[in-house]
Amino acid sequence: MPSRRFRRGRTTGLLLALAGMIVAGTAVAGPATADPAPLLPAATGNGHPSERGEMPSCKTAFPSGVRCLSTWHRLSAGGGTGSAQSAGSAAVAAPKEGLSPADIRAAYKLPAKGAKNQTIAIVDAYDNPHVEKDLKAYRKAWKLPPCTTANGCFRKVNQRGGTKYPVGDPGWGVEIALDVQAVSATCPTCKILLVEADDPSFKAMGTAVKTAVRLGADVVSNSYGADEFAGMFTIAKKYYTHPGVPILASSGDFGFTTASFPAVLKTTWAIGGTTLIPTAKGGWTEDAWFGAGSGCSAYVPKPRVQKDTNCAMRTVADISAVAHSEEGFAVYDTYGLGQDNGWIAVGGTSLSAPLVAGMIGMAGNSAKVASPSYPYRHRSGLKDVVGGSTGYCGHDYLCTGIKGYDAPTGLGSPRGLKSL
């Protein structure tokens, strides 16, 4: 059975999803001061401390906006380099715990080499001023090729494409570090474009997506979400509709509940989450992660390629990748975590989306696979995920990992690049 560290789907959210109503009160991180205080341990969604001191990266309310979809905990070995390390160092050792790039490549049977010069855009809110330095340390620790501003691999801009960055925020800083390092794990030859929105509002985040495409992104990854709402179609048309560019979004971290925006949009790949489990023979298997967002839209018409019968409207998700493992995904972050600066373990569907974005970049066919309908017509490279549940729905496919399509994991998770 997977560890139950992460937040379960909310019962109220389940009822509202079934009624086709909107759940209010989406939470996101607010801006930090110039000298941010370290993030402190927080309770999980049920109000109790989590097993390993799991902390939501973004936990402060923000009206008419999104929250990032990651949680983190300190590593018990090889992490927590502390405030003395806050200035960062490229000469850090890889941790003894946590999923590594090699683990990810082995689990998803990714080839040793892939496409070059593909640009993966990451859209997040606020600034992580240590992101490039920490990315350098991460890639050196795992023996990945350098990705820097100097060699043209890494670029950071604000939502308008300029270099006057937003105010820094340690919570979104964890999200930023996770996103760029997850892309690095699946596509070390990809370029990375980080677009930092002024804040987590719908307008700012949408503007950042539009800027990412304008600046040449081949794939855009969005590790954030909010409950779907009636006015999202106007935002979708203006900011999230880019033929020829795959737009990916995390399905959410609250289990079987209201469908998440922007993952629910017809123009967006909805990326669900799995629990990645090592086998006794040295391989990997997957279950549906119980936090993975799953459910029926109350607004978005059902795509023709979706043949499931219990949702009259769009079903979330499309495909999936790891969101949770016993040890978490190892991330190097030295911004605002106090004594936990250094190696931490991060999870959530915020991990799934950039991992798949990197896989699409590695395949090098982004324009061809841009439509979310593509994997439905090319399933041979996807492994069905059977087992696990995201809430109570009478063991229905809407919240249970079953044979064939199911909402938590969609069509399954990639094995190689055939479906990408």
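The values are calculated or read from the model by the stated rules, or taken from the named source; none is laboratory data. This is a predicted model, so every value here is computed, not measured. Every residue, glycine among them, receives a Cβ derived from its backbone with ideal geometry; neighbour counts consider all protein chains shown. Remember, those area values only see protein heavy atoms, side chains included, never the ligands or the DNA or RNA. Shrake-Rupley method; radii C 1.70, N 1.55, O 1.52, S 1.80 Å.
This table checks each residue for (1) touching a residue at least 24 places away in the same chain (Cβ under 8 Å); (2) in a strand (DSSP E or B); (3) out of contact with any helix residue (DSSP H, G or I) (no Cβ under 6 Å at 6 or more places or on another chain); (4) over 21 Å from I247 (Cβ atoms).
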position	(1), (2), (3), (4)
I104	yes, no, no, yes
L110	yes, no, yes, yes
G114	yes, no, no, no
N117	yes, no, yes, no
I120	yes, yes, no, no
V123	yes, yes, no, no
K133	yes, no, yes, yes
Y138	yes, no, no, yes
K143	no, no, yes, yes
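Report whether or not S366 is in a strand (DSSP E or B), of a type in the set (S, T, Y) and touching a strand residue (DSSP E or B) at 6+ places or on another chain (Cβ under 7 Å).
Numbers: in a strand (DSSP E or B): no; of a type in the set (S, T, Y): yes; touching a strand residue (DSSP E or B) at 6+ places or on another chain (Cβ under 7 Å): yes.
For S366, the condition - in a strand (DSSP E or B), of a type in the set (S, T, Y) and touching a strand residue (DSSP E or B) at 6+ places or on another chain (Cβ under 7 Å) - is not met.
Here's the yes/no breakdown for (1) aliphatic (A, V, I, L, M); (2) not in a loop (DSSP other than H, G, I, E, B):
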{"residue": "P188", "(1), (2)": "no, no"}
{"residue": "A230", "(1), (2)": "yes, no"}
{"residue": "T234", "(1), (2)": "no, yes"}
{"residue": "F254", "(1), (2)": "no, no"}
{"residue": "K266", "(1), (2)": "no, no"}
{"residue": "E286", "(1), (2)": "no, yes"}
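Tally up the residues in segment 371-397 that are part of a loop (DSSP other than H, G, I, E, B), open to solvent by 10 Å² or more (accessible area, probe 1.4 Å) and more than 13 Å from W289 (Cα to Cα), please.
We begin by selecting, within segment 371-397, every residue part of a loop (DSSP other than H, G, I, E, B); these are 371-373, 378-381, 384-388, 390-397.
Among the residues that remain, those that are also open to solvent by 10 Å² or more (accessible area, probe 1.4 Å) are: 371-373, 378-380, 384, 386-388, 391-397.
Imposing the further condition that a residue be more than 13 Å from W289 (Cα to Cα) reduces the set to 371-373, 378-380, 384, 392-397.
Within segment 371-397, residues that are part of a loop (DSSP other than H, G, I, E, B), open to solvent by 10 Å² or more (accessible area, probe 1.4 Å) and more than 13 Å from W289 (Cα to Cα) number 13.
Do any residues in segment 386-399 that are on the phi < 0 side of the Ramachandran plot and in contact (Cβ under 8 Å) with a residue 12 or more places away in the chain have Cβ atoms under 6 Å from those of residues that are part of a loop (DSSP other than H, G, I, E, B) and of a type in the set (G, A, S), where the two are at least six apart or on different chains, and which pairs are they?
Between residues of segment 386-399 that are on the phi < 0 side of the Ramachandran plot and in contact (Cβ under 8 Å) with a residue 12 or more places away in the chain and residues that are part of a loop (DSSP other than H, G, I, E, B) and of a type in the set (G, A, S), the close pairs are V386/G401; T390/G9; T390/G255; T390/A292; L398/A407; C399/G391.
When residues of segment 195-238 are filtered for being touching a helix residue (DSSP H, G or I) at 6+ places or on another chain (Cβ under 6 Å) and open to solvent by less than 10 Å² (accessible area, probe 1.4 Å), how many remain?
Quick first cut of segment 195-238, residues touching a helix residue (DSSP H, G or I) at 6+ places or on another chain (Cβ under 6 Å) only: 195, 197-198, 202, 206, 209-210, 219-221, 223, 235.
Imposing the further condition that a residue be open to solvent by less than 10 Å² (accessible area, probe 1.4 Å) reduces the set to 195, 197, 206, 209, 219-221, 223.
Here the count works out to 8.
If L276 satisfies every condition in (1) outside any strand (DSSP E or B); (2) surrounded by 24 or more Cβ atoms within 10 Å (Cβ to Cβ) but one, which is the exception?
Failing condition for L276: (1).
Confirm whether T186 is surrounded by 24 or more Cβ atoms within 10 Å (Cβ to Cβ), closer than 21 Å to V219 by Cβ and hydroxyl-bearing (S, T, Y).
Numbers: surrounded by 24 or more Cβ atoms within 10 Å (Cβ to Cβ): yes; closer than 21 Å to V219 by Cβ: yes; hydroxyl-bearing (S, T, Y): yes.
Answer is yes for this residue.
If you check R377 against the conditions, is it more than 30 Å from L135 (Cα to Cα) and of a type outside the set (A, V, I, L, M)?
Numbers: more than 30 Å from L135 (Cα to Cα): yes; of a type outside the set (A, V, I, L, M): yes.
For R377, the condition - more than 30 Å from L135 (Cα to Cα) and of a type outside the set (A, V, I, L, M) - is met.
Among D308, D318, D287, which is the only one that is open to solvent by 10 Å² or more (accessible area, probe 1.4 Å) and under 20 Å from the mean Cα position of the chain (by Cα)? I'd like the intermediate steps shown before the answer.
Details: D308 fails: under 20 Å from the mean Cα position of the chain (by Cα); D318 fails: open to solvent by 10 Å² or more (accessible area, probe 1.4 Å).
Result of the check over D308, D318, D287: D287.
May I ask you to say which residue of T241, T257 is polar (S, T, N, Q) and open to solvent by less than 30 Å² (accessible area, probe 1.4 Å)? Can you show your working first?
Numbers: T241 fails: open to solvent by less than 30 Å² (accessible area, probe 1.4 Å).
When all the criteria are applied, what remains is T257.
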